[in-house]
Amino acid sequence: MAQPIPFSRNAGVARARHTKAMLLPIARQIADDLALRVHLALDILRRGAGSKTDAQTLTQTMLLTGFLAELGFGSVSGEKLEAADRAVAAVFDIGRETGKWRLDDTGVALFAPIATSYDRQLHSAPLWAITDASARLDRFIAGVPEQTLVRKRA
């Protein structure tokens with residue numbers, strides 16, 4: 001007769017494992033894949049061969065970088081984020097009108113350090129911070145009003 005696999009039925013053990021995982025950075029391969037997508041989107045838009053999806057990728061990266069910086073992982077100024085937001089808004093306007101999705105040299109200069117910061121954040125920020133920032137991005141996209149979240153500290 002087959003023996004069952006002896007998994008701990010103790011919820012505390014599972015919770016401790018989950019808590020420990022939330023304190024560690026995400027797997028290097030996952031961080032590399034996510035960062036590569038951003039760098040590719042930036043390069044494709046720089047060359048004028050981009051799409052709406054590439055512009056969305058940069059927009060989401062800009063927001064996530066700002067959210068992670070607010071949580072204490074990396075730094076990016078509000079002025080630079082606002083300038084990058086204006087640059088990508090222009091990409092959307094021109095892209096919708098002409099079908100050409102391109103980021104000008106000024107926009108590339110604004111987004112290159114954002115992409116680099118995001119890359120660093122993915123490789124160093126703990127999973128809880130990335131999860132929080134991603135959830136905040138999802139709420140932003142859904143149009144849910146911003147709320148002040150109170151995080152429990154042990």
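The values are calculated or read from the model by the stated rules, or taken from the named source; none is laboratory data. Just so we're clear, the structure is a prediction, and the values are computed from it rather than from any experiment. So basically every Cβ, Gly included, is an ideal-geometry build from the backbone, and we count neighbours across all protein chains shown.
Every residue, every condition in (1) loosely packed, with under 12 Cβ neighbours inside 10 Å; (2) modelled with pLDDT of 95 or more, yes or no:
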position: P6; (1), (2): yes, no
position: H18; (1), (2): yes, no
position: M22; (1), (2): no, no
position: P25; (1), (2): no, no
position: Q29; (1), (2): yes, yes
position: L40; (1), (2): no, yes
position: L64; (1), (2): no, yes
position: D85; (1), (2): no, yes
Original post:
Scanning for something closer than 14 Å to L68 by Cα and modelled with pLDDT of 95 or more, does region 97-115 turn up at least one residue?
Top reply: yes
Original post:
Is it the case that region 137-153 has a residue that's over 30 Å from T19 (Cβ atoms), surrounded by 12 or more Cβ atoms within 10 Å (Cβ to Cβ) and of a type outside the set (V, I, T)?
Top reply: no
